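Notes for the one structure printed next.
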Amino acid sequence: MENKRGSWGSNFGFLMAAVGSAVGLGNIWGFPYKMGSNGGFAFLLVYLLLAAFVGVAVMLGELAMGRKTGQSTVGAYKQLSEKFVFVGYFGTLCGFLILSFYSVLGGMVLRYAIGYLIAMFGGDGWAGQGTGFFGWLLYDSGSMLLFYALFSIITLVIVMGGVKGGIEKFSSVAMPALAALLLIIIIYIACQPGAVDGYKFVFKPNFEPLKNDFFGVLKTAAGQMFFSLSLGMGVMATYGSYLDKKENLQKNAVIIPFFDTLIALMAACAVMPACAAFGVDFGAGPGLLFASMQTVFANMGGFIGNLMGFLFYFLVLIAAVTSSISLLEGTVAVLNDRNIAKGKEPARKKNSLIIAGLIFIVGIPVALDALGSGGAAVPAPYELLGFTVEDLGAGLVPVAIDCWLDLYDCLSEGIFMPLGAMIMSILIGWVWGTKLVKEEVEAGGHTYKAAKFFEICFKFIAPIGLLIVLIAQIQSFF
Ligand code: PHE
């Protein structure tokens, strides 16, 4: 029976939700281009090592914290050490900020999916703009707001449905569908002449970047890994808190990163070869997911181009929604738990509505500043501070203020996320003791096989790794 807080119906359901949280825009958009521009195979190696030695441990730590206390982030810290409750608030704030820009991007993905759907039936899905649509859309405030709102409503409705009836139900259908769609696209692309250059770009061992800028590769891989695994902001702790005591935490902490990495690699095997086969520059940043991919499908041409375009953006949409619901749940659960602690009803629906509404307001500048291209409906942070678009072009504007998205990203992914995760691993390694994790892993009668390995991770590797990430992130943003 579901308790007041809510709980997963099965371990499979939990895994679909947790892998769904991990697999998102970070995998399909961030991973391919970061890998491509940081030495391909060399980047992959660094990424895998980091995921194995830092990612898995922090994942286990978060899941254990949540399940042990049966609380979301803030509640979990309150129970374990009141002094560190600020780390819980950091995490919550971080998820809040990420969701505001994530939903703007999700809205754009939704608009693209609809564009292809219209085009499949012979209509003009691109408002007469053809492949120039991306540049046009950014300045079309009405569409930006409309689709941002639609995406936010989808997220809200699912979270209102509850842990089992909303999040688990949606993820259990969406994730297998995502895997199937991705496979169809990979196979279709693999059959196109010229695709092979894309695989080469991604997989050809190139150790130059490691020699030239090891620190740079390390920090890019680490930042990507954290974001991609949804770590450092209590989302995984919250999901863990809904998990039955008999389930195997250790196994789950390995399965989630495994599938997250697998899907990131599969995405790289779809996006890069597609660019190669259809004569599009690999590009980077927002351009890759929107402008470049649209050109790919335009060059594919005809019905098949529109169909593939629709399948691709629909898949990205699924990935984005299963992540956005976890971000919203992370914050909503804090309010639910607070109500329960006061002896009241959790009031999930009301809390979801309030938080989603606040997040929507905070994200409005992200939707309206045309990603900092200048002269948009809302000025970008650098414009507010007296810089001009020319300064931006000349590289005089710090990344942290070149658009609202980057400002929020810098604060959340750049600072709060690594800081929170670092404090958590130090607490587990040195203050609470790894006993906390051990007890929780063994709770269901499972053996804690990798105890020694995790101990070293919590005590040394994770805190040092996270410190490096934090320093590097701060440097790169300013
Ligand atoms: N992991 C998601 C992605 O790769 C983003 C995310 C970050 C989701 C943090 C939840 C928490 O897109």
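The values are calculated or read from the model by the stated rules, or taken from the named source; none is laboratory data. The structure presented is a predicted model; accordingly, all values stated were derived computationally and were not measured. Reconstructed Cβ throughout: ideal geometry from the backbone, glycine too, with neighbour counts over all protein chains shown. These accessible areas exclude ligands, DNA and RNA; they are computed on the full protein's heavy atoms, side chains included. Shrake-Rupley method; radii C 1.70, N 1.55, O 1.52, S 1.80 Å.
One table, with the values for the structure above:
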| read-out | value |
| --- | --- |
| Computed accessible area, Tyr89, all protein chains, 1.4 angstrom probe, square angstrom | 110 Å² |
| Nearby lysines by direct alpha-carbon distance to Lys342 (threshold 18 angstrom, same-chain neighbours under 8 apart not counted) | Lys4, Lys78, Lys350 |
| The chain: radius of gyration and largest Cα-Cα distance (Dmax), Å | 21.6, 64 |
| Whole-number accessible area per residue in Å² for the chain, which is evaluated in the context of all protein chains at 1.4 Å | 37 Å² |
| Gly40 long-range amide H proximity, modeled H, under 5 Å | none |
| Ser230 accessible area, 1.4 Å probe, all protein chains in place, Å² to nearest 10 | 10 Å² |
| Accessible surface of the chain [probe 1.4 Å, protein heavy atoms]: carbon and sulfur percent | 69 percent |
| Cα radius of gyration and Dmax for region 323-382 (Å) | 16.0, 51 |
| Sequence-distant lysines (8 or more away, or on other chains) whose Cα lies within less than 20 Å of Lys251 | Lys68, Lys435, Lys438, Lys449, Lys452 |
| Highest to lowest packing among 218-226, 345-353, 462-470, 20-28, scored as the average C-beta count within 10 Å | 20-28, 218-226, 462-470, 345-353 |
| Dipole of the chain [Lys/Arg +1, Asp/Glu -1 at C-beta], most positive-end residue of Ala377, Leu243, Leu138 | Leu243 |
| Net charge dipole size for the chain [Lys, Arg +1 and Asp, Glu -1 on Cβ; Debye, nearest 20] | 1680 debye |
| Structure-based [θ]222 nm, the chain - -39500 (n - 2.57) summed over DSSP H runs of at least 4, per residue, nearest 500 | -21500 deg cm²/dmol |
| Heavy-atom accessible area ranking, 1.4 Å probe, most first, across Leu289, Leu335 | Leu335, Leu289 |
| Solvent-accessible surface ranking, highest first, for Ile256, Ile423, Ile361 at 1.4 angstrom | Ile361, Ile423, Ile256 |
| Net charge, Met233 excluded, C-beta distance under 14 Å - Lys, Arg +1, Asp, Glu -1 | -4 |
| Exposure of Val196 as accessible area (Å², to 10), given a probe of 1.4 Å and all protein chains | 80 Å² |
| Rounded, prolate or oblate (a/c below 1.5 giving rounded, otherwise prolate when a/b exceeds b/c) for region 275-401 by Cα gyration tensor | oblate |
| Equivalent ellipsoid dimensions for region 107-199 as semi-axes, Å, which come from the Cα gyration tensor, largest first | 27, 24, 11 |
| Axial C-alpha extent at least 24 Å, average Kyte-Doolittle at least -1.0 - helices from the chain (DSSP) | 85-120, 141-160, 169-190, 249-277, 302-341, 348-368 |
| Ranking by accessible area, most exposed first, for Arg338, Arg111 with a 1.4 Å probe | Arg338, Arg111 |
| Peptide ranges 130-139, 427-436 listed from the most packed, as the mean C-beta count within 10 angstrom indicates | 427-436, 130-139 |
| Dimensionless Rg ratio for region 1-90, taking C-alpha atoms and the 2.2 N^0.38 Å reference | 1.39 |
| Rh by Kirkwood over Cα pairs, then Stokes-Einstein D for region 139-248 at 0.692 mPa s and 37 °C, µm²/s | 175 µm²/s |
